[in-house]
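Down below is the structure, laid out as structure tokens.
The values are calculated or read from the model by the stated rules, or taken from the named source; none is laboratory data. All values derive from a computational prediction rather than experimental measurement. A quick note on method: Cβ atoms are made from the backbone with ideal geometry, for glycine too, and the neighbour counts reach across all protein chains shown. Accessible surface areas use protein heavy atoms only, side chains included; no ligands, DNA or RNA. Shrake-Rupley method; radii C 1.70, N 1.55, O 1.52, S 1.80 Å.
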Amino acid sequence: AIGIFGFLVWAHHMFTSGMDPFLRVPFMITSMIIAVPTGVKIFSWLATIWGGKLRFTTSMMFALGFISLFVIGGLSGIFLASVPIDIHVQDTYFVVGHFHYVMLGGTGFALIAALHYWFPKIWGRMYNIQWANIAFTFLFIGFNILYFPMIILGMMGMPRRYYDYLPEFQFLNMISTVGSWILIIGLIIMIVNL
């Protein structure tokens, strides 16, 4: 269902490009409907975890981090599917935050979870679990401090692809910068540990 609807939602990227206003409605509806099978997928992941004996290994923490970040990205995607909201936040930092929560928070954390799960099986050596957990903490906290302010900045109207910004955006951009430093520290710890 996600694959089928995925072929029907492409025009939500064109709500502000001069598209016929009548065509916005079906693309808005299909963009919102895609949330239903995605929600089923997320609940099936949670049900799989619920039915098992949960151990908080490093790979499980990254998998749980992936689910939570992917949910935030998905929820922000529902806002982008709505034409009135999309017109307001189009080409702002809201889109940047949404994209990174879905692609980096979703794909990236899932990939890192798999890396930590398969690393000992592939290489025949175990990484330091304590340092891996510290890396997860830095990555998860740094990721949210980096990208969540971007969602707020987008709602405030800060455009993307500008090298400078108005003074009212400075504080959240500073917080976002600190988040990037925390994220980089986590990446360095993870890479050195592996």
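List of remarks:
- Residues in the stretch 27-39 that are in a helix (DSSP H, G or I), more than 13 Å from Ile67 (Cβ to Cβ) and in contact (Cβ under 8 Å) with a residue 12 or more places away in the chain: Phe27, Met28, Thr30, Ser31, Met32, Ile33, Ala35, Val36, Pro37.
- Residues in the stretch 68-93 that are closer than 30 Å to Ile49 by Cβ and in contact with a Ser or Thr (Cβ under 7 Å, 6 or more places away or on another chain): Gly74, Ala81.
- Odd one out for Leu54, checked against (1) part of a helix (DSSP H, G or I); (2) in contact with a helix residue (DSSP H, G or I) (Cβ under 8 Å, 6 or more places away or on another chain); (3) within 19 Å of Ala114 (Cα to Cα); (4) open to solvent by 70 Å² or more (accessible area, probe 1.4 Å): (1)
- In the stretch 129-146, the residue that is nearest to Phe171 (Cα to Cα) out of those that are open to solvent by 80 Å² or more (accessible area, probe 1.4 Å) and touching a residue at least 60 places away in the same chain (Cβ under 8 Å) is Trp131.
Let's see how each residue does on (1) out of contact with any helix residue (DSSP H, G or I) (no Cβ under 6 Å at 6 or more places or on another chain); (2) over 23 Å from Leu115 (Cα atoms):
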{"position": "Ala132", "(1), (2)": "no, no"}
{"position": "Ile145", "(1), (2)": "no, yes"}
{"position": "Met150", "(1), (2)": "no, yes"}
{"position": "Gly154", "(1), (2)": "no, yes"}
{"position": "Met158", "(1), (2)": "no, yes"}
{"position": "Tyr163", "(1), (2)": "yes, yes"}
{"position": "Glu168", "(1), (2)": "yes, yes"}
{"position": "Leu172", "(1), (2)": "no, yes"}
{"position": "Ile185", "(1), (2)": "no, no"}
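- Test: Met156 is over 18 Å from the mean Cα position of the chain (by Cα), closer than 28 Å to Asp86 by Cα and either of a type in the set (Gly, Ala, Ser) or open to solvent by 40 Å² or more (accessible area, probe 1.4 Å) (or both): yes
- Among the criteria (1) over 24 Å from the mean Cα position of the chain (by Cα); (2) open to solvent by less than 70 Å² (accessible area, probe 1.4 Å), the one Pro149 does not fulfil is (1).
- Residue pairs whose Cβ atoms lie under 6 Å apart, separated by 6 or more positions or on different chains, with the first residue in the stretch 169-192 and among the hydroxyl-bearing types (Ser, Thr, Tyr) and the second in a helix (DSSP H, G or I) and open to solvent by less than 40 Å² (accessible area, probe 1.4 Å), are Ser176/Leu146; Ser176/Pro149; Ser180/Leu146.
- Breaking point among (1) open to solvent by 30 Å² or more (accessible area, probe 1.4 Å); (2) touching a Phe, Trp or Tyr at 6+ places or on another chain (Cβ under 8 Å), for Ile42: (1)
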